[in-house]
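Below you'll find the structure, written out as structure tokens, and then a few comments.
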Amino acid sequence: MREKWRSKVSVLAGASALAVSVVTVTPTLADHVPVGPQEVRMPADVRIAEGGATPPGETGPFPVEPVEPMGPVEGAASGGQAEAVVAAAPSSSACLGSTVAYGASGCFQHNGDIIWAGDTKKDGMSAAVGVYTDYGRAEEVCVNKLGVDTWATCNKDYREDGNVRLRVLRYDGDTGKFYQPETWSGWLPVNGKF
């Protein structure tokens with residue numbers, strides 16, 4: 001009889017140990033789940049530059065795709081077909097390190113040291129592109145306050161032998177705070193030569 005009692009106690013002890021382990025391993029929901037964007041802390045001495053509008057007729061920093069070949073053209077050599085017209089930005093003005101986060105895009109144009117900040121979401125916030133250097137220059141942020149579906153530029157002057165790194169995130173001009181999500185580029189050569 002004693003053996004039956006011990007086996008019952010062993011089964012009960014094992015079952016209660018299993019129940020305790022399930023209770024302690026099961027994650028619980030947080031009491032305060034963050035609602036909305038989460039703030040990103042920036043250094044107190046960060047310089048914020050308001051980006052300027054792009055020149056008329058210029059839509060953004062990225063090259064336009066090649067245009068399809070046109071139909072027969074009078075006087076064209078080789079078979080009456082015109083060559084495909086490529087409407088792309090010259091390589092000296094290529095935008096490096098294209099970086100995208102929710103609501104914001106950014107890149108660095110090495111010819112002229114221009115930071116591009118594109119706002120892609122209508123959410124009341126601005127696109128922001130932070131720029132870090134590998135030679136100790138203070139962080140700067142280019143903010144696009146022009147509205148959704150626009151590009152703004154900040155013209156800077158970086159050391160040609162240095163590298164820059166971009167940090168793309170959102171900015172609330174009313175509060176002066178930055179918000180996630182954020183994305184980082186790799187290190188980009190200021191002179192454009194990898």
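Structure notes:
- Net length gained if the chain between ALA138 and ARG47 were fully extended (0.36 nm per residue, minus Cα distance): 32.0 nm
- Residues MET125, MET42 in ascending order of nearby Cβ atoms (within 10 Å, fewest first): MET42, MET125.
- Label point of GLU39 set 7 angstrom out along Cα-Cβ; within segment 163-182, amide nitrogens under 16 Å from it belong to 170-181.
- With neighbour counts taken as other beta-carbon atoms within 10 Å, the residues VAL131, VAL190, VAL40 rank, fewest first, as VAL40, VAL190, VAL131.
- Computed over neighbours whose Cβ is under 14 Å from that of TRP184, the net charge equals -1, Lys and Arg +1, Asp and Glu -1.
- Put in order of Cβ neighbour count within 10 Å, fewest first, the listed residues LYS145, LYS122 become LYS122, LYS145.
- Extension gain, TRP187 to LYS145: 0.36 nm times the residue separation minus the Cα-Cα distance gives 12.5 nm.
Values quoted throughout were computed directly from the atomic coordinates according to the rules given, and no laboratory measurement underlies them. Everything numeric here is computed off the predicted structure, so don't read it as measured data. When we count neighbours, we look across all protein chains shown, and the Cβ atoms used for this are built from the backbone with ideal geometry, even at glycine.
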